[in-house]
Amino acid sequence: MSERIRRRRTRRSPLRRAALIGAALVVMGGLSAIAAPTVSSASPLPTEISTGQQIFTKNCSSCHGLNAQGVTVNGTVIGPNIQNAGAAAVSFQMSSGRMPMAGPQQQAQRKPNTFSPEEIKAVADYVGGLGKGPGIPNSSQYDPTGLTAEQIAKGGELFRTNCSACHNYAGKGGALSNGNYAPPLTGTGVTNEQIWEALRTGPQAMPVFSPSQLSDDDAKSIIAYLSSVNSAPESGYSLGGIGPVTEGAAAWIVGIGGLVGFALWIASRGARAR
Ligand code: HEC
Ligand code: HEC
């Protein structure tokens with residue numbers, strides 16, 4: 001027993017040393033960032049980029065490669081090329097705890113993230129600088145404060161047209177093909193910024209919605225709609241899931257019934273014409 005513990009300790013010590021060196025580097029990076037003359041807060045400082053690269057090398061490169069070029073082993077993609085994924089994709093994936101992924105799995109899970117906002121921004125700026133791709137939005141792009149009831153209602157319409165097929169009418173999420181699922185968008189702590197980033201970067205099985213499909217104003221009204229659903233009393237929206245289901249079932253029966261009737265009608269006409 002104690003033998004096993006000792007062995008585990010010694011096995012871990014190189015790791016711990018690496019962690020200490022890493023921490024020292026981060027502290028040094030931080031100190032030099034303070035010492036360095038402040039240029040502009042908009043463009044990332046070189047020290048921030050190098051901090052981001054260090055975090056990336058340690059936590060991400062085993063699957064995405066040292067230059068984010070992706071890793072493929074025997075035809076299996078361990079991690080895709082993310083050079084053009086954009087800072088917004090990194091911010092989304094890390095802040096929602098999906099990345100770093102724990103290991104090979106069907107779909108990355110939302111989970112508590114272990115990085116500080118500064119660390120996430122550093123990695124996002126590093127990866128963002130490798131190629132093109134959407135940048136991290138500023139709050140004026142996703143903060144829905146002050147939108148009118150009319151704009152929120154429009155957000156609901158846009159949500160039903162563009163999102164509910166996968167995420168369900170009430171944003172409760174749903175199963176997709178191949179064992180994938182669209183996660184719930186309410187009650188799980190999804191932030192307004194994450195909604196914007198998901199829209200623009202299309203994680204996993206979700207499509208990308210470009211600004212020509214959904215403008216920033218459209219995105220903001222969808223965000224406003226989802227926060228209104230989130231802050232509404234539970235009973236008003238879930239109805240135990242019965243509302244949307246019956247609605248869907250009714251649409252299905254009427255729709256399919258109509259199609260069958262139409263097909264029969266065409267068949268009978270075809271037969272008569274012959
Ligand atoms: C165990 C392997 C693994 C590790 C470690 C890992 N990833 Fe990933 N990553 C994947 C896989 C597989 C996908 C594609 C599947 C998916 O998106 O769910 C992915 C997808 C991504 C995407 C989405 C790409 C896109 O087109 O939107 C980003 C961004 C990303 N990873 C960043 C990171 C960052 C940053 C880290 C480190 C903090 C990291 N990953 C660590 C395996 C990994
Ligand atoms: C084709 C199906 C599909 C459509 C359409 C779709 N999504 Fe998604 N969405 C997904 C999937 C799948 C994921 C999970 C991705 C993953 O696990 O990496 C997701 C994830 C998300 C997330 C992240 C939630 C979390 O738990 O972190 C948000 C936010 C989101 N979608 C919003 C939207 C919005 C808003 C729309 C409409 C404009 C939309 N989605 C349209 C399939 C879809």
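Mind checking which residues of region 189-206 are near ligand 2 (Cβ under 6 Å from one of its atoms) and either open to solvent by less than 20 Å² (accessible area, probe 1.4 Å) or free of Cβ contacts under 8 Å to residues at least 12 places away in the same chain (or both)? Write out each step before concluding.
Applying the first criterion (near ligand 2 (Cβ under 6 Å from one of its atoms)) to region 189-206 yields 190, 194-195, 198-199, 203-206.
The answer is 194, 198, 199.
Does residue 211 satisfy the condition of being under 14 Å from residue 158 (Cβ atoms) and not basic (Lys, Arg)? For residue 211, the condition - under 14 Å from residue 158 (Cβ atoms) and not basic (Lys, Arg) - is met.
Considering region 72-104 alone, what residues qualify as being over 17 Å from residue 115 (Cβ atoms) and surrounded by fewer than 17 Cβ atoms within 10 Å (Cβ to Cβ)? If the condition is that a residue be over 17 Å from residue 115 (Cβ atoms) and surrounded by fewer than 17 Cβ atoms within 10 Å (Cβ to Cβ), then 72, 73, 74, 75, 76, 77, 78, 80, 84, 103, 104 are the ones that fit.
Among the residues here, residue 136 qualifies as in contact with an Asp or Glu (Cβ under 9 Å, 6 or more places away or on another chain) and buried (at least 19 other Cβ atoms within 10 Å of the Cβ). Of the residues making up region 158-183, those that are part of a loop (DSSP other than H, G, I, E, B) and near ligand 2 (Cβ under 7 Å from one of its atoms) number 4. Of the residues in region 220-238, none is within 16 Å of ligand 1 (Cβ to nearest atom), surrounded by fewer than 17 Cβ atoms within 10 Å (Cβ to Cβ) and outside the structural domain of residue 90 (by TED's automatic domain parsing).
I'd like the full set of residues that are in contact with a helix residue (DSSP H, G or I) (Cβ under 6 Å, 6 or more places away or on another chain) and either away from ligand 2 (no atom under 16 Å from the Cβ) or without any contact (Cβ under 8 Å) to a residue 60 or more places away in the chain (or both), limited to region 72-103. 78, 79, 82, 87, 90, 94, 99, 100 - these are the residues of region 72-103 that are in contact with a helix residue (DSSP H, G or I) (Cβ under 6 Å, 6 or more places away or on another chain) and either away from ligand 2 (no atom under 16 Å from the Cβ) or without any contact (Cβ under 8 Å) to a residue 60 or more places away in the chain (or both).
Return yes when residue 110 is in contact with a Lys or Arg (Cβ under 7 Å, 6 or more places away or on another chain) and surrounded by fewer than 21 Cβ atoms within 10 Å (Cβ to Cβ) and no when it is not.
Numbers: in contact with a Lys or Arg (Cβ under 7 Å, 6 or more places away or on another chain): yes; surrounded by fewer than 21 Cβ atoms within 10 Å (Cβ to Cβ): yes.
Yes, satisfied.
Here is a check on your reading of the model: is residue 186 crowded, with 20+ Cβ neighbours inside 10 Å and hydroxyl-bearing (Ser, Thr, Tyr)? Working first, answer last.
Values: crowded, with 20+ Cβ neighbours inside 10 Å: yes; hydroxyl-bearing (Ser, Thr, Tyr): yes.
Considered against the rule, which asks whether it is crowded, with 20+ Cβ neighbours inside 10 Å and hydroxyl-bearing (Ser, Thr, Tyr), residue 186 comes out as yes.
The values are calculated or read from the model by the stated rules, or taken from the named source; none is laboratory data. Computed from a predicted model, the values in this text were never measured in an experiment. Note: ideal-geometry Cβ built from the backbone for every residue, glycine included; neighbour counts use all protein chains shown. The area values use the complete protein model at the heavy-atom level, side chains included, leaving out ligands, DNA and RNA. Shrake-Rupley method; radii C 1.70, N 1.55, O 1.52, S 1.80 Å.
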